[in-house]
Amino acid sequence: MNRTPSAGLDPARFVDALIENPEGVLSSDLPAAPTDRALFVQRLGRHGPRLVDLFLTLYKDRADARKWLKRLFTIMAESWDRRTNDLRTLDRAREADPSWFQSEKMVGGVLYVDLFSDNLANLFEHIAYFKELELTYLHLMPIFSVPHGDSDGGYAVSSYRAVNADLGTMKELTQLARVLRGEGISLVLDFVLNHTSNEHEWARRARAGDPVYQGFYHTFADRALPDQYERHLREIFPTVRRGNFSWDAEMQRWVWTTFNSFQWDLNYANPAVFCAMAEEMLYLANAGVEVLRLDAVAFIWKEMGTTCENLVGAHDIIRAFNAVARIAAPSLLFKSEAIVHPDQVLSYVAPEECPLSYNPMLMALIWEAAATRETRLLEHAVKKRARLPEGCSWVNYLRCHDDIGWTFDDEDARQVGIDPAAHRRFLNAFYTGNHSGSFARGVPFQYNPDTGDLRVSGTLASLAGLEQALDADDPVLIQMAVRRIMMMRSIMLSIGGIPLIYIGDEWGMLNDYTYLSDPTKVSDSRWVHRSRKKWHLQRSYSDPAALEWRFFNGLKEMIGLRKNLPALRNGGMEHFWTGNPHLFAYLRQADGQQLLIVANFSEHGQVASRDRLSGFPKEAVFFDHIGKTYHPATGDLALDPYQYMWLEVKDPSPAAGR
Ligand code: GLC
């Protein structure tokens, strides 16, 4: 690599200076007219001090910390040198418009490549489908090489640089990223950073007895330490394996495995692991991945005597990775996948950590309100906890490839008169067919007999009542299920953040029970909502009598509306109290446009009374973009069962709009 700097700075000496005196570097004379190499140096100057500080804090007890830090700078410089021109152009564009993902134009989709199109090569043919749905963000579920048989849906990665041969090649992936980018669609992939599979090269070497690679994982000769750790740890997959450690017969050691026994937790207390994973991350960025979903972030840092979840070290690791990205692949964005207590979910969201985050609380509470037909917990929690720091955005979803866990705050529940434990039991019963009168068809996931914990699997349509209604062949129930689904979707698309469609839900995919006869899937009920795309149903998208038509076209219409309402851009969401416990309402505002969004969670008509609307100017009228009707702001607002309205507040008075 040519290390001669184009603007009179020697990067190697620069890095030494950076490590010795980060503050001094910030004030030093950085190149004014940047070439691409000098741009790198400039970004080093901007983000390097933060990186140095984080790295030396994380590894303060390691005598070799500086050696590894230098190695990290080499990795970044080499990776930058390999970055293609079109990605460098993208870097500059994103730096110039850092809030690009907050736009109302953003709409996401997520799919399994094998279930959707068999492989990457065929995926190219479906870009028109993504365009029809107006997606701007496409998340492909894990596509890298994995062990045969059970691989936790791809989350046991054997190489971050080799696409699973059944799905395609790295070349195809890189090409896909480029083609999608040309179509205005950002490629999103998982960065499974908490663990590798037990077949990853590093794990193989560890198993073969190499102490360097045993140091990449948490391995133990006996149960002494695992037993001590275990006292404070949760169990994530208790039905497949108890505890958090697995015995590896080949290595003759215990290894930390938070998830399945074949998923080995990486040891981030080792700076060699940080550097190795930074290299893998930049490799993915250079392949054209624009957003990395940081999988299972809560678990990446361990300390004896703690739950080993959400520790400061975990945040520091992500922040350090973020600084690495800002320097060597600036357009790369992180999305946090922390399915933990709502306060902890928020703790990962920051421009210098993860600017994007799943919104599991909103997801869970929409389902909670759908079951109870009441919105008090949803409203209370959203009011308290929806706000994100500047420059960040939620990713809102109704369903994804995982189960639903009831992640609300116990105190929030008590404050609105709900007993949290009893309520979780009710919700589990409601969604797994153990509550009379329930409309839902869900399947239990990971029942823990010691704690009583349970989560729920199932598709949007099956959980929202469609499967049961179709089985009963009852047109009224079918109608209710369809309306319920549309109403829930309307929240996902309007509340603020990137709406993420779990592909299959766009046409109302039902549960698929065939996983029960597959030995590699039968013990994981999440496969009930991971099924093959039924392309033959595409014909129904143009048949107005078909349910698929209603779902698909209803969604397309709502997406089209979203994209043309600047008030729906991220930010500016105020909860609005209608006084009716079955309604959920909020105000969205931007660019001089104001929208009042109202959703009815019950199968009965509901009214938002005029007194509650008295805050709007008397002359104002509401235009409902969904129903295309006008409503005076002075009257009661009546909503049909499961109706939702996107009301633009139009004030015809001459003072308005000044
Ligand atoms: C995340 C994934 C989940 C997987 C787990 C372990 O939570 O969403 O599917 O089982 O991480 O990688």
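Pairs linking a residue in region 190-212 that is over 9 Å from ASP295 (Cβ atoms) and assigned by TED's automatic domain parsing to the domain that holds LEU140 to a residue that is acidic (Asp, Glu) and part of a helix (DSSP H, G or I), with Cβ atoms under 6 Å and 6 or more positions apart or on different chains, do not occur.
Which residues, taken from region 143-191, are within 12 Å of the ligand (Cβ to nearest atom) and surrounded by fewer than 23 Cβ atoms within 10 Å (Cβ to Cβ)? If you could, list the steps in order and put the result at the bottom.
Going through region 143-191, the residues within 12 Å of the ligand (Cβ to nearest atom) turn out to be 146, 150-157, 190-191.
Scanning region 143-191 gives ASP150, SER151, ASP152, GLY153, GLY154, TYR155.
Residues that are closer than 22 Å to ILE498 by Cβ and either within 16 Å of the ligand (Cβ to nearest atom) or crowded, with 17+ Cβ neighbours inside 10 Å (or both) do occur in region 115-122.
For region 81-109, the candidate set comprises residues that are more than 28 Å from MET492 (Cβ to Cβ) and basic (Lys, Arg); within that set, the residue that is most open to solvent (accessible area, probe 1.4 Å) is ARG82. Restricted to region 445-516, the set of helices (runs of 4 or more DSSP H) holding at least 3 residues that are touching an Asp or Glu at 6+ places or on another chain (Cβ under 9 Å) comprises 475-494.
Conditions (1) aromatic (Phe, Trp, Tyr); (2) under 30 Å from GLY184 (Cβ atoms); (3) not in a helix (DSSP H, G or I), marked per residue:
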residue	(1), (2), (3)
ALA269	no, no, yes
GLU280	no, yes, no
VAL289	no, yes, yes
ARG293	no, yes, yes
GLY305	no, no, yes
GLU309	no, no, yes
ARG326	no, yes, no
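Among residues that are more than 16 Å from the ligand (Cβ to nearest atom), open to solvent by 10 Å² or more (accessible area, probe 1.4 Å) and closer than 18 Å to ILE404 by Cα, LEU561 is not included. Going through region 227-245 one residue at a time, which ones are farther than 23 Å from ALA272 by Cα, buried (at least 18 other Cβ atoms within 10 Å of the Cβ) and away from the ligand (no atom under 14 Å from the Cβ)? Selection gives TYR229, LEU233. Taking the condition within 30 Å of GLY437 (Cα to Cα), open to solvent by 40 Å² or more (accessible area, probe 1.4 Å) and in a strand (DSSP E or B), does ALA585 pass? Criteria not met by ALA585. Of the residues screened, ASN448 is one that is open to solvent by less than 30 Å² (accessible area, probe 1.4 Å), out of contact with any helix residue (DSSP H, G or I) (no Cβ under 9 Å at 6 or more places or on another chain) and in the same structural domain as GLU368 (by TED's automatic domain parsing).
Within this structure, THR432 fails the test of being assigned by TED's automatic domain parsing to the domain that holds PHE552, open to solvent by 30 Å² or more (accessible area, probe 1.4 Å) and either touching a residue at least 24 places away in the same chain (Cβ under 8 Å) or within 30 Å of PRO238 (Cβ to Cβ) (or both). Report whether or not ALA285 is more than 16 Å from the ligand (Cβ to nearest atom), under 27 Å from the mean Cα position of the chain (by Cα) and open to solvent by less than 20 Å² (accessible area, probe 1.4 Å). Here the answer is yes, as ALA285 does meet what is asked.
The values are calculated or read from the model by the stated rules, or taken from the named source; none is laboratory data. Because the structure is predicted, anything quoted here is derived from the model rather than measured. No Cβ is skipped: glycine too gets one built from the backbone with ideal geometry, and neighbour counts run over all protein chains shown. Side chains are part of the model used for accessible areas, which takes the heavy atoms of the whole protein and leaves out ligands, DNA and RNA. Shrake-Rupley method; radii C 1.70, N 1.55, O 1.52, S 1.80 Å.
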